[in-house]
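Each value in this text was obtained by applying a stated rule to the coordinates, not by laboratory testing. Model, not experiment: these values are computed from the prediction. Here the Cβ is made from the backbone with ideal geometry for all residues, glycine too, and neighbour counts use every protein chain on show.
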Amino acid sequence: MFADSTSWRGRSDDRVVALATDELAEVDFELFWHCFGPGSLASFGVYRGVEMVALATVKERGRPFMEIGVDVVQGVQASGLGSAVVSAAGTWILEQGWFPLATVAPFNVPSTRTLRRVGLEYGMTEMSGVAGPFRVPPQPIGRPLPNTDIYDYYPDWAMNRGIRPRSEM
């Protein structure tokens, strides 16, 4: 998903702080695994007390694009913290004269809603192969809108009966 200055709707949020390099080095990237680690061009977080609960980081993806990685810890999701840190990151990217981009899996409805909320728009689908076992999403996460009924699109005969249970990597 991409944005420019005409589509961007990021908002300033007093809860968000820009992180210094040493603060980013202390982040648990097993918890914030959608974010980019040390070497990020910019990073923005929200703390509850001393605990970081939301993080967005920025890396260059080739001129004129910078990518935003974002995570919100479980238990405080759907509280606006993702939008807050993505807003800070996207605004920073636009101030540098670049375009913000963020990637999201098609099955991840909550993250797609967060990115759309701040003005990122669908631009393309990228499929990447990675080494290791082939992993597929079992079902959509979340709902496109509150109280929306979601129906199974596939007939039973089309379900892949050979899918193994999830295993930790």
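Worth pointing out:
- What you get for the chain, charging only the Cβ of Lys and Arg (+1) and of Asp and Glu (-1), is a dipole of about 460 debye around the Cα centre.
- Enclosed volume per residue, in Å³, of the convex hull spanned by Cα atoms of segment 53-140: 121 Å³
- Rh (Kirkwood; distinct C-alpha pairs) - the chain, Å: 17.4 Å
- Per residue, the convex hull volume that the Cα atoms of segment 43-84 enclose (Å³): 67 Å³
- Positive-end residue, the chain charge dipole about Cα centroid, Cβ charges, pick of Val109, Val16, Gly132: Val109
- Sorted by Cβ density within 10 Å, fewest first, the residues Glu60, Glu67, Glu26: Glu26, Glu60, Glu67
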